[in-house]
1. Being of a type in the set (G, A, S) and either in contact with a Lys or Arg (Cβ under 8 Å, 6 or more places away or on another chain) or free of Cβ contacts under 8 Å to residues at least 24 places away in the same chain (or both) narrows it down to one of G150, G199, so name that one.
2. For L67, only one of the following conditions fails: (1) outside any loop (DSSP other than H, G, I, E, B); (2) surrounded by fewer than 17 Cβ atoms within 10 Å (Cβ to Cβ); (3) under 19 Å from the mean Cα position of the chain (by Cα). What is its number?
3. Mind checking whether some residue in segment 73-95 is part of a helix (DSSP H, G or I), in contact with a strand residue (DSSP E or B) (Cβ under 9 Å, 6 or more places away or on another chain) and more than 23 Å from E57 (Cβ to Cβ)?
4. For segment 110-130, give me each residue that is small (G, A, S), part of a helix (DSSP H, G or I) and either free of Cβ contacts under 8 Å to residues at least 24 places away in the same chain or open to solvent by 30 Å² or more (accessible area, probe 1.4 Å) (or both).
5. Take the residues of segment 175-198 that are among the β-branched types (V, I, T) and either more than 20 Å from A226 (Cα to Cα) or modelled with pLDDT under 85 (or both): which is most open to solvent (accessible area, probe 1.4 Å)?
6. Residue check, P148 against (1) open to solvent by less than 40 Å² (accessible area, probe 1.4 Å); (2) farther than 16 Å from L214 by Cβ, all met but one. Which one?
7. With the requirement that a residue be touching a residue at least 24 places away in the same chain (Cβ under 8 Å) and either open to solvent by 50 Å² or more (accessible area, probe 1.4 Å) or on the phi > 0 side of the Ramachandran plot (or both), what does segment 159-174 give you?
8. Tally up the residues in segment 46-64 that are farther than 30 Å from Q194 by Cβ and buried (at least 19 other Cβ atoms within 10 Å of the Cβ), please.
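The values are calculated or read from the model by the stated rules, or taken from the named source; none is laboratory data. Quick caveat: nothing in here was measured; it's all calculated off a predicted structure. Here the Cβ positions follow ideal geometry from the backbone for every residue, glycine too, while neighbour counts run over all protein chains shown. Keep in mind that these areas ignore ligands, DNA and RNA; they rest on the heavy atoms of the full protein, side chains included. Shrake-Rupley method; radii C 1.70, N 1.55, O 1.52, S 1.80 Å.
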Amino acid sequence: MLPLFSRRALVLSSLLAGALLMPFGAARAQADATLPLSEGPELYPGEKTLAEAAAKEGVTISANTALGWANWGAVVRAFGQRYPDVPLAYTDLGSTATVTQLDRLRERPPADAAYFYSLVALDAASRGLLSPHRPVNLDRLPGAAKDPDGLWVGVHTLPIAFVVNRKLVKSLPRTWADLRKPEFKNSITYPDPQTTTVGLTLAFAANVAAGGTLDSVRPGIEYFTALHKAGKRPTHRSRLGASAFFAR
């Protein structure tokens, strides 16, 4: 999710709308988004005025957008092509750390935009840390992918997958319940939900599969308790390409 903090972030969010949300629009508009603004038409009325204002203010800061994650490298390159006069800086703090920093520095926000895990974005919104904005193509997104007041917008989903070493595992697990079978004892690892939002996403998916909801996590707790008793364990890797269980 991409919440916004200041008017300067309108330039960044507009490019993201072109680079990430344009599957809902025309291919020509997507191509225009990667052209320098001086050479291509505006993606929306007033884009040039905002870009000029951002250039006068100086660097635009995007928090928690590591280049090797969620295609942010391509987005940063496209931003530089579209707005060569607007320097872009980015950080890689993690969702929770970013919210903590914004909360401590709310009188002088250290970023113009940030990339959050969905529940962390909701937390940031509840603390009054985000400013409303309606980026290009927002109306084309389903309701669950955006805040009704424009405080955040979803830019992608996070798939859950079982990744299996078929040289070692002959009977493939196909359901969450399968992972509890004795044959997988001491053979499964997963991202730790206490240290990574990727792991937290996986934990909520397992909770729903076990009959839980966002308001009822007891089924998920019981599920992971059973996994641990069967010899499954979390890993503390923090940057996986998708939420995944690893059967080895």
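1. That would be G150, the only listed residue that is of a type in the set (G, A, S) and either in contact with a Lys or Arg (Cβ under 8 Å, 6 or more places away or on another chain) or free of Cβ contacts under 8 Å to residues at least 24 places away in the same chain (or both).
2. (1)
3. Yes - at least one qualifying residue is present in segment 73-95.
4. Taking segment 110-130 first, the residues small (G, A, S) are 111, 113-114, 118, 121, 124-126, 128.
With part of a helix (DSSP H, G or I) added as a condition, the list becomes 118, 121, 124-126.
Those that are small (G, A, S), part of a helix (DSSP H, G or I) and either free of Cβ contacts under 8 Å to residues at least 24 places away in the same chain or open to solvent by 30 Å² or more (accessible area, probe 1.4 Å) (or both): S118, S126.
5. This residue is T195.
6. (1)
7. P159, I160, F162, V163, N165, L168
8. 5
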